[in-house]
Amino acid sequence: MDRHRLNTAELAAMVSGRVGPALVEGLRAAELSKHQLLLEAVRRSAARQLPRDQAEPIEHALTDLADLQQRSPVAAREVIGRPQIGVWAMLFLRALRNGETPDTGYLKNLVRESRAADPRGSRVPRLEVSSGGLTLSVRLDDSDPHFGIYGDRATIDSTADLKIWLQRLAEAWHLLVRHAPDTAAAIAGAVNTLVPLRHGGRTASFSATSDWAFGAIALTLPANALDFAEILVHEFRHALLGAVTDLLPLLVPEPSRMLYSPWRRDPRPAAGLLHGAHAYMGLLDFWQRQGATLPAAARFLRWLEPTREALERLAASGALTELGAHLVTAMRSQAERWHEEPHLPAELRDPRRSDVARHALDAAADHRLHWRMRHLRPDGAAIEKLAEHWRARRRPFPVSVHLVPAPAQRLMPSGRSMLLERAAGRTADPAVEATGADEAHLLEGRYAAAAAGYEVRVDARHDPDAWVGLALCHLHLQPDAFLCRQPEVVAALHTRLRHRGPDAAGAPVDPRRLSEWLSDHRRRGD
Amino acid sequence: MAGLDCDLESIIVDLSSTPLERLADLTDDVIAAATRCAGGSHDASLPLWNNDGVQPPAYG
């Protein structure tokens, strides 16, 4: 029996940002085969493990589906290809494996509903939007029980709710078709369901994709057309890569070490970086095609360099298969082209002349520095010894740092991080306000004044956020400072010296002097 | 991998022209490919790729 095949050149084009219709069609067909296999896996498992009366609804549903397939192959494909089939099947198999009760009635109801329903009378509303001859038609599904995997769903219970989703999707679709018609066509060929989610206290928009639900995107209602279009691109790319990894392994089976990801505040496995980079290659392509228009240009500047760096870490991770390495090389080449042949004018790209570029640089650095302060812990004995060297006016030495992931509750972004992201992305988030003079100085580019404020804070108490702010200022004041590279080492040493008393003369320990001293071993080539 | 432009055979059989009732003819190992894909087995929690670094289950 033939197996689904993937072409490496088409895959390389896809990961670099542009996906062709043949590849999407191939992936969709493969996902349909996957669902058929899952249905058969459910049938066999139910027949083997469940009492006859509980297995019967599955047999009946599959018989009904087979009847439908004989009468209307297109209608049967529509049912089998629904994203919730994959989620239901996996939850069913998992329940059986864990000795729990699976949902045996779901499939029969779904098939019955799809056979009976007049599409216009379906309980699940359909949103249909067209622009430039391209149509996107999706179900807005707030009721399927298996979409609970995404979190709390928003209820679409009024015409007004439906109208605002439709209006915003129409605007997003227009934007997408105008700037990236090929991407829009690919999305129209693959995405068939939107799952509306509650904001649930989040200030930013939230969206998600599951590898078991190809074709579905879960999201809170985006604030505007550009955000909506970006979510469609972003989540579509997760779905694409998920479908590829269903067919061919891109990562070696061994668990990878955890890495820094510029998109997340927690340490991530290589799979997370691969997905993040792949999603952002699509977004960078979308932003790049909008030229110097803001906010697209600002977001392009915000994310190009972090994506390039993430791809470099992936390439060096040892976690990729041969095909995975080939695709990461393709992404790196495209990112390099964007870097080497910039489409934006020089005055917009220069952080000394452009607030857009400066905020992009600062937001990226703030994220990276925060990650270091949260998750990297310098060796305690080495810090103790380093403190002795400092007091004795001896030379410093390199200190090893260990990854100690911080608990989730300590991963909330700081006020400055949110301000910088808002400035860099040119987003309007009313919940974010400047919290102090230091932040105001920093946002306006008065780095010396901001640094003075952060120095007062780090002197007063252990304040990781102030260390990040200080390091960020030094990126502009003294870019090669040790503090910019390893703030966690300077902070740990400073804390140690503060606890054990200052230097012999009784003066407070100046973080800048510590940073300069720590640079010493590098300068001397140790 | 043979070259930069080649077709790679996947682990999933092509069932585009196979009627549902014929799936019973497939061997267990062919079926099992579907439950092993997406980088994990159905023992694991469902992978969810999201844009939120705090909200568990966080996989993206």
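The values are calculated or read from the model by the stated rules, or taken from the named source; none is laboratory data. Bear in mind that the values here come from a model prediction, so they are computed numbers and not experimental data. Note: ideal-geometry Cβ built from the backbone for every residue, glycine included; neighbour counts use all protein chains shown.
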For the range A:87-117, name all the residues that are basic (Lys, Arg) and within 16 Å of A:Thr63 (Cβ to Cβ).
A:Lys108, A:Arg112, A:Arg115
Testing A:Thr101 on (1) surrounded by 16 or more Cβ atoms within 10 Å (Cβ to Cβ); (2) assigned to a loop (DSSP other than H, G, I, E, B); (3) over 32 Å from the mean Cα position of the chain (by Cα); (4) among the β-branched types (Val, Ile, Thr), one condition comes back false. Which one is that?
(1)
Any chance you could count how many residues in the range A:245-274 are more than 9 Å from chain B (Cβ to nearest Cβ) and either among the aromatic types (Phe, Trp, Tyr) or part of a helix (DSSP H, G or I) (or both)?
4
Flag for A:Glu421 being acidic (Asp, Glu), within 23 Å of the chain's Cα centre (by Cα) and surrounded by 15 or more Cβ atoms within 10 Å (Cβ to Cβ):
yes
Would you mind telling me which numbered condition in (1) surrounded by fewer than 21 Cβ atoms within 10 Å (Cβ to Cβ); (2) in a helix (DSSP H, G or I); (3) touching a strand residue (DSSP E or B) at 6+ places or on another chain (Cβ under 9 Å); (4) at the interface with chain B (Cβ under 9 Å from one of its Cβ atoms) A:Thr63 fails?
(3)
What residue, among those in the range A:66-95 that are among the hydrophobic types (A, V, I, L, M, F, W, C) and surrounded by fewer than 19 Cβ atoms within 10 Å (Cβ to Cβ), is nearest to the other protein chains (Cβ to nearest Cβ)?
A:Ala66
Among the residues of the range A:10-45, what is the count of those that are crowded, with 20+ Cβ neighbours inside 10 Å and among the acidic types (Asp, Glu)?
2
The listed residue being within 28 Å of B:Ile31 (Cβ to Cβ) and crowded, with 20+ Cβ neighbours inside 10 Å, out of A:Ala180, A:Ala239, A:Ala172, A:Ala229:
A:Ala239
Could you list all residues from the range A:121-177 that are within 21 Å of A:Gly200 (Cβ to Cβ) and either assigned by TED's automatic domain parsing to the domain that holds A:Leu107 or of a type in the set (Val, Ile, Thr) (or both)?
A:Ile149, A:Thr155, A:Ile156, A:Ile164
Residue check for A:Leu6: surrounded by 21 or more Cβ atoms within 10 Å (Cβ to Cβ), within 12 Å of chain B (Cβ to nearest Cβ) and either part of a helix (DSSP H, G or I) or small (Gly, Ala, Ser) (or both)
no
Complete set of residues in the range A:197-226 that are crowded, with 20+ Cβ neighbours inside 10 Å and either free of Cβ contacts under 8 Å to residues at least 12 places away in the same chain or farther than 28 Å from A:Ala298 by Cβ (or both)
A:Ser210, A:Asp211, A:Trp212, A:Ala213, A:Phe214, A:Gly215, A:Ala216
